[in-house]
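Accompanying notes for the structure given below.
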Amino acid sequence: MGLPDDIRLSFNEVVEIYDRVRPSYPASLFDSLFEMLPAEPEIVEVGPGTGQATKDLLARGASVHAIEIGPAMAAKLRSNLPSSHLRVTVDDFEMTSITPGTADAVFSATAYHWISRSSQTDRPAAILRPGGIVAIVDLIQIDSPDDEGFFAASQSIYQRHGQGHTGPAAPSRENAEPAIREVLEADRRFCGVAIRRYDWNQSYNAADYRRLMLSYSGTQMMDESDRQALLADMETFICSDFGGVVTRPLVVTLTTAVLT
């Protein structure tokens, strides 16, 4: 099978694995979000995947219009969460037609970085009712002794397979900062930008960490033989050097702003 032209469609190739290993989000995050919303809110969700956050939105009484670019991901979402309060549209959030001024919130969990900077504010400004909320959840990997040195030690494996880290260093737990904050604060159509942080470490056995890596777009875009070699080396390394279990140190952030 060839690689997708749009990297966002790479998740479509590993729907069952994505559904199995991608983490959910803290209940207290949704408690805080729903304190800002009216009862039974209308929420547009961007990039719902297979429903890791959607289930919590529905459980708290929201009606959700989920915009998912991957057809197979959307089909899994529908099968996971059959509900008259969930409408799933297979489309690009930046292009899809949504009636202006009808949503109480535009919500996205670990997907909004796929949206262009201009659309990150232009689209909510058009879709939301006055006083509506844009709510963006980010899952930030941090530098922490909680991983017992795994991420530093594993970099040689990534580098050996041409996948070495090239971005900024991971922040400390107290300095985890979502990129969307700057975007929202720079747009005068929004006010009251606030960030809530939640410690959310996740632990994986070697096989599940291999699956987690396989669910990432960058891994999916590798050639098949290169991908399998990387995954096999990492699984072996976790078993031999870390007793078969590793912890991924994470902070979840909820960034909110109000449309004026």
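The set of residues in segment 32-47 being touching a Phe, Trp or Tyr at 6+ places or on another chain (Cβ under 9 Å) and in a loop (DSSP other than H, G, I, E, B) consists of 41, 47.
So is residue 50 outside any helix (DSSP H, G or I), surrounded by 14 or more Cβ atoms within 10 Å (Cβ to Cβ) and either in contact with a Phe, Trp or Tyr (Cβ under 6 Å, 6 or more places away or on another chain) or of a type in the set (Ser, Thr, Tyr) (or both) or not? Here the answer is yes, as residue 50 does meet what is asked.
Taking segment 220-233 as the region of interest, how many residues are out of contact with any Ser or Thr (no Cβ under 8 Å at 6 or more places or on another chain) and in contact (Cβ under 8 Å) with a residue 40 or more places away in the chain?
Total meeting the criteria: 4.
Would you pick out the residues in segment 152-180 that are assigned to a helix (DSSP H, G or I), in contact (Cβ under 8 Å) with a residue 40 or more places away in the chain and not small (Gly, Ala, Ser)? Please lay out each step first, then the result.
Pass one, segment 152-180, residues assigned to a helix (DSSP H, G or I): 152-160, 173-175, 180.
Cutting the leftovers down to in contact (Cβ under 8 Å) with a residue 40 or more places away in the chain gives us 153-154, 157-158, 160, 173, 180.
Of everything in segment 152-180, those that are assigned to a helix (DSSP H, G or I), in contact (Cβ under 8 Å) with a residue 40 or more places away in the chain and not small (Gly, Ala, Ser) turn out to be 157, 158, 160, 173, 180.
Counting only residues that are assigned to a strand (DSSP E or B) and in contact with a helix residue (DSSP H, G or I) (Cβ under 6 Å, 6 or more places away or on another chain), which one in segment 98-144 is farthest from residue 186 (Cα to Cα)?
Within segment 98-144, the subset assigned to a strand (DSSP E or B) is 103-109, 128-141.
When the remaining residues are screened for being in contact with a helix residue (DSSP H, G or I) (Cβ under 6 Å, 6 or more places away or on another chain), the result is 103, 106, 134-136.
On the way: 103: 22, 106: 18, 134: 14, 135: 16, 136: 16 Å.
Here the answer is 103.
Of the residues in segment 112-134, not one is of a type in the set (Ser, Thr, Tyr), touching an Asp or Glu at 6+ places or on another chain (Cβ under 9 Å), open to solvent by 20 Å² or more (accessible area, probe 1.4 Å) and on the phi > 0 side of the Ramachandran plot.
Quick grid of which residues meet (1) closer than 17 Å to residue 249 by Cβ; (2) surrounded by 15 or more Cβ atoms within 10 Å (Cβ to Cβ); (3) touching a strand residue (DSSP E or B) at 6+ places or on another chain (Cβ under 9 Å):
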| residue | (1), (2), (3) |
| --- | --- |
| 145 | yes, no, no |
| 163 | no, yes, no |
| 166 | no, no, no |
| 175 | yes, no, no |
| 180 | no, yes, yes |
| 195 | no, yes, yes |
| 208 | yes, yes, no |
| 220 | no, yes, no |
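You will find that of 247, 253, 219, the residue that is of a type in the set (Val, Ile, Thr), assigned to a helix (DSSP H, G or I) and under 23 Å from the mean Cα position of the chain (by Cα) is 219 and no other. Put simply, of 193, 183 the only residue that is more than 17 Å from residue 163 (Cβ to Cβ), of a type outside the set (Phe, Trp, Tyr), part of a helix (DSSP H, G or I) and in contact (Cβ under 8 Å) with a residue 60 or more places away in the chain is 183.
Rundown of residues vs (1) closer than 23 Å to residue 124 by Cα; (2) among the polar types (S, T, N, Q); (3) in contact (Cβ under 8 Å) with a residue 60 or more places away in the chain, yes/no style:
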position: 69; (1), (2), (3): yes, no, yes
position: 72; (1), (2), (3): no, no, yes
position: 80; (1), (2), (3): no, yes, yes
position: 86; (1), (2), (3): yes, no, no
position: 90; (1), (2), (3): yes, no, no
position: 93; (1), (2), (3): yes, no, no
position: 97; (1), (2), (3): yes, yes, no
position: 102; (1), (2), (3): yes, yes, yes
position: 106; (1), (2), (3): yes, no, yes
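The values are calculated or read from the model by the stated rules, or taken from the named source; none is laboratory data. Here the structure is a predicted model, which is why all the values come from computation and not from measurement. Because the Cβ atoms are built from the backbone with ideal geometry, glycine has one as well, and the counts that use them run over all protein chains shown. Heavy atoms of the whole protein, side chains included, go into the accessibility calculation; ligands, DNA and RNA do not. Shrake-Rupley method; radii C 1.70, N 1.55, O 1.52, S 1.80 Å.
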